[in-house]
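Chemist: Attaching a single structure in structure tokens format; questions to follow.
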Amino acid sequence: MPASASLRQRLYPLLPGIAAHFGTPFHIYDEAGIRTTGERLNRAFAGVPGFREYYAAKALPNPRILAIARSLGFGFDCSSVAELQLARGIGAHGDDLMFTSNNTASDEFAAALDGGGSILNLDDISLVDKVPRMPERICFRYNPGPARSGNAIIGNPVEAKYGVPHEQIEEAFRAAIARGARRFGLHTMLASNELDRRYMVKTIAMLLSVVRALSEKLSVRFDFVNMGGGLGIPYRPEEPEFDVEALGRQAAQQFTQFHALHGWAPALFMESGRYVTGPHGVLVTRAINHKHGYREYVGVDACMSALMRPGMYGAYHHIDVVGKPAGAHDAPVDVVGSLCENNDKFATQRPLPPVADGDLLVIHDTGAHGHAMGFNYNGRLRPQELLLTADCRVERIRRAETLQDHFATLHFAPDAWQPGAAA
Ligand SMILES: *Cc1c(COP(=O)(O)O)cnc(C)c1O
């Protein structure tokens with residue numbers, strides 16, 4: 001189910017007041033829901049020694065949310081200097097941070113190693129010599145290639161730009177050992193928004209089998225394996241929930257078995273973003289126009305700058321009209337923003353109750369890869385973010401962008417270069 005019944009009950013009666021106070025549009029996140037899911041994840045994996053979730057900061061890079069994740073015991077998966085800085089800003093450091101970048105520049109490695117450090121997760125063997133100094137503990141991102149199929153969002157592993165191919169993984173660790181690495185981790189990320197638990201069980205089995213082979217060839221043990229993110233959420237009302245408890249039980253069996261065979265086992269890390277916060281955010285936007293063209297259009301005051309997923313992936317996001325439950329008078333409409341791009345639609349031919357100008361629409365499941373992915377094409381600005389706290393207050397945790405923000409990069413001292421001038 002999209003946004004839980006509990007969130008609807010707590011949030012919907014407040015929405016007219018929130019919209020009147022803060023204005024629209026806004027994303028609003030549910031602290032209670034994030035905590036419940038985070039605790040559930042920790043409980044589900046309690047049977048795997050050393051389990052830790054590294055929340056994928058890119059999913060919802062707001063310090064107020066990251067602080068909630070940290071209070072749940074989570075570390076952070078960061079893939080850019082900005083994400084490292086955000087996570088460090090709320091007190092995460094060293095082993096709390098996993099730096100999983102790709103096509104990494106050397107100043108990014110420097111930022112990852114300095115300022116309190118992080119666990120480096122290298123995307124390629126060629127990067128071993130580009131790391132300014134090899135930390136004691138190193139991790140590689142593994143890409144199994146044709147041995148596994150990916151899924152629709154992340155694509156086929158053979159076509160993915162990420163990770164060290166199977167044929168190079170042993171050599172990659174040898175190269176890191178030659179530069180001084182002494183402790184090891186193995187990472188992979190093969191699926192995104194995957195609802196099939198069995199896929200994740202296979203991913204863990206694959207990691208453990210690669211670790212077993214590597215530890216024999218290299219005569220080392222591994223501190224951890226990191227199964228990546230990608231646990232799915234049901235965006236459509238009829239989709240089933242991911243059975244995280246069953247995954248946790250099966251993972252515990254896999255690690256117990258590994259330990260029984262080898263006398264040791266790595267810890268298990270995970271870096272879910274979507275699963276933790278996705279269902280606990282909604283985009284609230286006001287209907288401002290109704291157009292009766294070849295189709296019926298409802299124009300709202302948000303656009304792709306607030307949420308790219310429908311336009312980018314054709315993703316389904318459930319929509320409620322506040323105060324108008326779905327019913328017999330639902331008729332298909334396209335819900336559109338105002339970008340000069342025809343894919344700027346939150347829904348296409350979606351049956352909705354009759355929408356009047358001024359109605360509030362709730363677009364579900366925007367708590368991950370929502371605001372964060374927004375862009376400024378057409379000079380459309382990103383909206384504010386609000387938090388419904390566990391004690392039912394509403395805080396603004398990011399203001400809306402202004403035109404001044406948008407034009408900020410145009411204001412600087414003039415500079416010019418011409419051929420023949422010094423560099
Ligand atoms: C995006 C990403 C994640 C999080 O993915 P979700 O689908 O939000 O769970 C985790 N790890 C890496 C390396 C990523 O790029």
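The values are calculated or read from the model by the stated rules, or taken from the named source; none is laboratory data. The model shown is predicted, which means the values in this text are computed figures rather than measured ones. For neighbour counting, all protein chains shown are included, and Cβ atoms are generated from backbone atoms with ideal geometry for every residue, glycine included. For accessibility, only protein heavy atoms count, side chains too; no ligands or nucleic acids. Shrake-Rupley method; radii C 1.70, N 1.55, O 1.52, S 1.80 Å.
Chemist: Within the stretch 356-371, is there a residue that is charged (D, E, K, R) and within 27 Å of GLY33 (Cα to Cα)?
Modeler: Yes; the residues of the stretch 356-371 include at least one that is charged (D, E, K, R) and within 27 Å of GLY33 (Cα to Cα).
Chemist: Residues of the stretch 220-240 being part of a loop (DSSP other than H, G, I, E, B) and within 15 Å of the ligand (Cβ to nearest atom), which ones?
Modeler: The answer is MET227, GLY228, GLY229, GLY230, GLY232, ILE233, PRO234, TYR235.
Chemist: If I ask for residues that are open to solvent by less than 10 Å² (accessible area, probe 1.4 Å) and under 24 Å from TYR275 (Cβ atoms), which ones from the stretch 183-207 would you list?
Modeler: GLY185, LEU186, HIS187, THR188, ALA191, MET200, THR203, ILE204, LEU207
Chemist: I would also like to ask the following. Being open to solvent by 80 Å² or more (accessible area, probe 1.4 Å), closer than 20 Å to HIS21 by Cα and of a type in the set (Lys, Arg) is the filter here; which residues of the stretch 371-417 pass it?
Modeler: Once the filter is applied, which keeps residues that are open to solvent by 80 Å² or more (accessible area, probe 1.4 Å), closer than 20 Å to HIS21 by Cα and of a type in the set (Lys, Arg), the stretch 371-417 yields ARG393, ARG396, ARG398, ARG399.
Chemist: Tell me, yes or no, whether the stretch 105-112 has at least one residue that is in contact (Cβ under 8 Å) with a residue 60 or more places away in the chain and open to solvent by less than 10 Å² (accessible area, probe 1.4 Å).
Modeler: Checked the stretch 105-112: no residue is in contact (Cβ under 8 Å) with a residue 60 or more places away in the chain and open to solvent by less than 10 Å² (accessible area, probe 1.4 Å).
Chemist: Picking from VAL220, VAL225, which residue would you name as being touching a strand residue (DSSP E or B) at 6+ places or on another chain (Cβ under 7 Å), open to solvent by 20 Å² or more (accessible area, probe 1.4 Å) and not charged (D, E, K, R)?
Modeler: VAL220
Chemist: If a residue has to be within 29 Å of LEU247 (Cβ to Cβ), in contact (Cβ under 8 Å) with a residue 24 or more places away in the chain and of a type in the set (Gly, Ala, Ser) to count, how many in the stretch 1-54 make the cut?
Modeler: 10
Chemist: Looking only at residues that are open to solvent by less than 10 Å² (accessible area, probe 1.4 Å) and farther than 15 Å from PHE51 by Cα in the stretch 264-277, which one is nearest to the ligand (Cβ to nearest atom)?
Modeler: Top of the filtered list is GLY273.
Chemist: Still on this structure, I have one more. Among the numbered criteria (1) out of contact with any strand residue (DSSP E or B) (no Cβ under 8 Å at 6 or more places or on another chain); (2) in contact (Cβ under 8 Å) with a residue 40 or more places away in the chain; (3) outside any loop (DSSP other than H, G, I, E, B), which one does GLY180 miss?
Modeler: Against the list (1) out of contact with any strand residue (DSSP E or B) (no Cβ under 8 Å at 6 or more places or on another chain); (2) in contact (Cβ under 8 Å) with a residue 40 or more places away in the chain; (3) outside any loop (DSSP other than H, G, I, E, B), GLY180 comes up short only on (3).
Chemist: Among HIS280, HIS290, which is the only one that is of a type outside the set (D, E, K, R) and more than 22 Å from ARG35 (Cα to Cα)?
Modeler: Exactly one residue qualifies, and that residue is HIS290.
Chemist: A further question on this structure: Identify, from the list GLY115, GLY47, the residue that is open to solvent by 10 Å² or more (accessible area, probe 1.4 Å), away from the ligand (no atom under 13 Å from the Cβ) and on the phi > 0 side of the Ramachandran plot. Walk me through how you get there before you give the answer.
Modeler: Numbers: GLY47 fails: on the phi > 0 side of the Ramachandran plot.
Only one candidate passes the filter, namely GLY115.
Chemist: Within the stretch 61-100, which residues are surrounded by fewer than 22 Cβ atoms within 10 Å (Cβ to Cβ), under 15 Å from the mean Cα position of the chain (by Cα) and small (Gly, Ala, Ser)?
Modeler: Residues satisfying the conditions are SER79, SER80, ALA82.
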